[in-house]
1. Among the listed residues Ala47, Ala62, Ala78, which satisfies the condition of being open to solvent by 60 Å² or more (accessible area, probe 1.4 Å), of a type in the set (Gly, Ala, Ser) and over 20 Å from the mean Cα position of the chain (by Cα)?
2. How many residues, within region 340-365, are part of a loop (DSSP other than H, G, I, E, B) and open to solvent by 80 Å² or more (accessible area, probe 1.4 Å)?
3. So which of Leu137, Leu105 ends up being within 30 Å of Ala333 (Cα to Cα), surrounded by 19 or more Cβ atoms within 10 Å (Cβ to Cβ) and within 16 Å of ligand 1 (Cβ to nearest atom)?
4. Where the second residue is among the basic types (Lys, Arg) and surrounded by 18 or more Cβ atoms within 10 Å (Cβ to Cβ) and the first is more than 14 Å from Val352 (Cβ to Cβ) and lies in region 23-36, which pairs have Cβ atoms under 9 Å and are six or more apart or on separate chains?
5. Out of the residues in region 281-317 that are under 14 Å from Gly14 (Cα atoms) and more than 18 Å from the chain's Cα centre (by Cα), which is nearest to ligand 1 (Cβ to nearest atom)?
6. Here are some residues: Arg320, Arg334, Arg328. Which one is assigned to a loop (DSSP other than H, G, I, E, B), within 25 Å of Glu250 (Cα to Cα) and over 15 Å from the mean Cα position of the chain (by Cα)?
7. Please find, among Ala284, Ala289, Ala293, the residue that is within 16 Å of ligand 2 (Cβ to nearest atom) and closer than 26 Å to Arg96 by Cβ.
8. Report whether or not Pro83 is more than 16 Å from ligand 1 (Cβ to nearest atom) and more than 30 Å from Met228 (Cα to Cα).
Amino acid sequence: MRLKILVTPGDGIGPEITEQAIAVLREAAALGGHTLNLDYRRIGGVAISQDGTPLPQDTLAAALDSEAVFLGAVGDYAFDSLPPNQRPEAGLLQLRTALGGFANLRPVFAFRELTENSPLRPEIIEGSDILFVRELLGGLYFGQPRAWNKETGEAFNTMRYTHDEVARVARAAFRLAQKRRKHLTSVDKANVLETSQLWRDTVTEVGKEFPDVTLEHQFVDAMSMFLMKRPRDFDVVVTENTFGDILTDEASVITGSLGMLPSGTIGGKVNLYEPAHGSAPKHAGKNIANPLATILTGAMLLRHSFGLEAEADAIVAAVRKVLEAGFRTEDLARTNPEGLTVLGTREMGDKVRETVKEQLLAASR
Ligand code: IPM
Ligand code: MN
């Protein structure tokens, strides 16, 4: 198989982590007899600087023409004073809309080797395995009207959802729960917001199609506490766009670092894969960024867009092995540096890539 992938490295640490992840992807694919057909295009701040827009036409066209889009990260302080619709992030939001994927999957998985990295106690987080399904195309991010009126000193955004927008993401979440531990938690703020009442009503209605899945509802404020107190109690969690953005950064504390959280967005014309973290411009170009979230994002791409389960598993297993062997990027070594070997972005990428190769060779013997 030839995997036609558009790569949009973006800003800050985006290019470095993407380079490592692509090298790992190439290795995993090659050993399964597959090749990558890559196209590289600009998005975000680099595109504003060079093309005058955060999502150039050629990038959009290439994205729609690909089988999967692999994105690094967007955002840079240089554009902080721009209005939201001209910032680097606007390019990402436009791309998400154009590709049409509405279910953003963010698996939060506690690698045993990183237990010590979390500020939470080991007995709280050990064995945590949560799949967040964040609605990605609705809510405050896209609702109209929106404005900041500097004369009157007033600003507003609109949280808006339709029944069908909620139903389709709920259905995706129920299906994923069926393949896991059959437990779905829906998160809303139905004691205050009409959008959340619609959300709760619709998720409950869709739930009737999935009698084998246990559905529970939680308010987002309580949920943010439960995630820290008893993360093991959750299997699949479905929530609207903004709540999902916030809760997944919070949940990354369970994994030990935001640099461990991959993501993939499914359900649209072309799936979009991006680590859940940002562009960290202050760490750019120093070879210190953690490429593991992006590498794990590559595994999601192989699994969800191409059905290459063995190759995807090999990447996840390689990450685990490299961690077991005591290799860490700087962000993962701060709390307990003894006995660990700190690697740069490139060296960590190389380690994972070599380990993928060894594993797949061993399996084919
Ligand atoms: C994320 C990011 C984005 C979001 C930004 C960069 C627009 O924070 O993917 O979580 O808010 O969705
Ligand atoms: Mn975010």
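1. Working: Ala47 fails: open to solvent by 60 Å² or more (accessible area, probe 1.4 Å); Ala62 fails: open to solvent by 60 Å² or more (accessible area, probe 1.4 Å).
Exactly one residue qualifies, and that residue is Ala78.
2. Narrowing region 340-365 to residues part of a loop (DSSP other than H, G, I, E, B): 340, 344, 365.
Going one step further and asking which of them are open to solvent by 80 Å² or more (accessible area, probe 1.4 Å), we end up with 365.
So the count comes out to 1.
3. Numbers: Leu137 fails: within 30 Å of Ala333 (Cα to Cα).
One residue alone meets the criteria, Leu105.
4. Qualifying pairs under 9 Å: Thr35/Arg26; Leu36/Arg26.
5. Looking at the filtered set, the residue picked out is Pro281.
6. Arg334
7. Details: Ala284 fails: within 16 Å of ligand 2 (Cβ to nearest atom); Ala289 fails: within 16 Å of ligand 2 (Cβ to nearest atom).
The conditions single out Ala293.
8. Values: more than 16 Å from ligand 1 (Cβ to nearest atom): no; more than 30 Å from Met228 (Cα to Cα): yes.
In short, no.
The values are calculated or read from the model by the stated rules, or taken from the named source; none is laboratory data. For clarity, every value in this text was computed on a predicted model and none was experimentally measured. Quick reminder, even Gly has a Cβ in these numbers, built from the backbone with ideal geometry, and neighbours come from all protein chains shown. For the accessible areas, the whole protein counts, side chains as well, though only heavy atoms, and no ligand, DNA or RNA atoms are used. Shrake-Rupley method; radii C 1.70, N 1.55, O 1.52, S 1.80 Å.
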